[in-house]
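Since the structure comes first, as structure tokens, the remarks are kept for the end.
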């Protein structure tokens, strides 16, 4: 998972629920529409068998296009099922433990609006840190609210990439790009786009380019 020469890339998170009969095709269309740096499979409240089926259905589509495929919360499943890494929340597997499970695979860590959490994540072996939510979001309860200032602070001091997340759309992302976000993590801006996910990716890429 690498940033682009142009400074900011799209980080695509799956919707909260997916239909495995059609979703791999939607994912392929989205990834073929423009630049995406990573995909995170984020499916809450599924048992392990259902998660394994989802990984096996979506991972090949993503990796065939040279895009990093990350598993939310579950470093054990990421390792067992050929993912490129995992994203860890503050209430999930501790980052230091996840780092040992993942070995050389990519590990991202949720850091909310906290400089201290981000510094700790870096010390514990994170490959990127995620800040947010920056805007209201319907995807999850956003207890924490971050501002572009934390992106400016991090990008000025650290080489470790930072991801901005939370309610980000093509219409509001410019300040985050300009503040130094390496990736913009989105759900609704792509999967909820009125013209479909491919149009959502094109719109986000155009907004990122226009913000530089």
Sorted by Cβ neighbour density within 10 Å, fewest at the top, the residues 183, 131, 23:
23, 183, 131
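What FRET efficiency comes out for residue 124 versus residue 212 if R0 is 25 angstrom and r is the Cβ-Cβ distance? Round to the nearest 0.05.
Details: r = 32 Å, r/R0 = 1.27.
Taking R0 as 25 Å, the efficiency between residue 124 and residue 212 is 0.20.
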In units of 2.2 N^0.38 Å, the Cα radius of gyration of segment 9-211 is 0.95
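At 222 nm, what value in deg cm²/dmol follows for the chain if DSSP H runs of at least 4 each add -39500 (n - 2.57) and the sum is divided by all its residues, to the nearest 500? Write out the running numbers ahead of the final one.
Numbers: 9 runs with 84 residues, N = 212.
Taking each H run of at least 4 residues, the total per residue is -11500 deg cm²/dmol.
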Would any residue of segment 175-189 have its amide N under 19 Å from a label point 7 Å out along Cα→Cβ of residue 90? List them or say none.
185
How long is the gain from residue 171 to residue 195 if the chain were fully straight, where each residue apart is worth 0.36 nm and the alpha carbon distance is subtracted?
7.1 nm
Can you tell me, using C-alpha contacts under 8 Å and at least 6 residues apart, the relative contact order of segment 9-211 as a whole percent?
21
Running a GNM on the chain with Cα contacts under 10 Å, which residue among 143, 14, 169 ends up with the highest mean-square fluctuation?
143
Label-point separation in nm, residue 104 to residue 47, each point 7 Å along Cα→Cβ:
3.6
Once normalised by the length of segment 30-123, the mean sequence separation of its alpha carbon contacts under 8 Å that are 6 or more apart gives a contact order in percent of 21
So for each of 153-159, 88-94, 203-209 I average, over its residues, the number of other beta carbons within 10 Å; can you give me the resulting order with the highest mean first?
203-209, 88-94, 153-159
If we sort 175-181, 120-126 on the protection proxy, mean other Cβ atoms within 10 Å, highest first, what's the order?
175-181, 120-126
Exposure-ranked with fewest Cβ neighbours within 10 Å first, 81, 87 stand as 81, 87
Take each of the peptides 108-118, 37-47, average the number of other beta-carbon atoms within 10 Å over its residues, and list them starting from the highest.
108-118, 37-47
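Coordinate-derived values only; no laboratory data. Here the structure is a predicted model, which is why all the values come from computation and not from measurement. Reconstructed Cβ throughout: ideal geometry from the backbone, glycine too, with neighbour counts over all protein chains shown.
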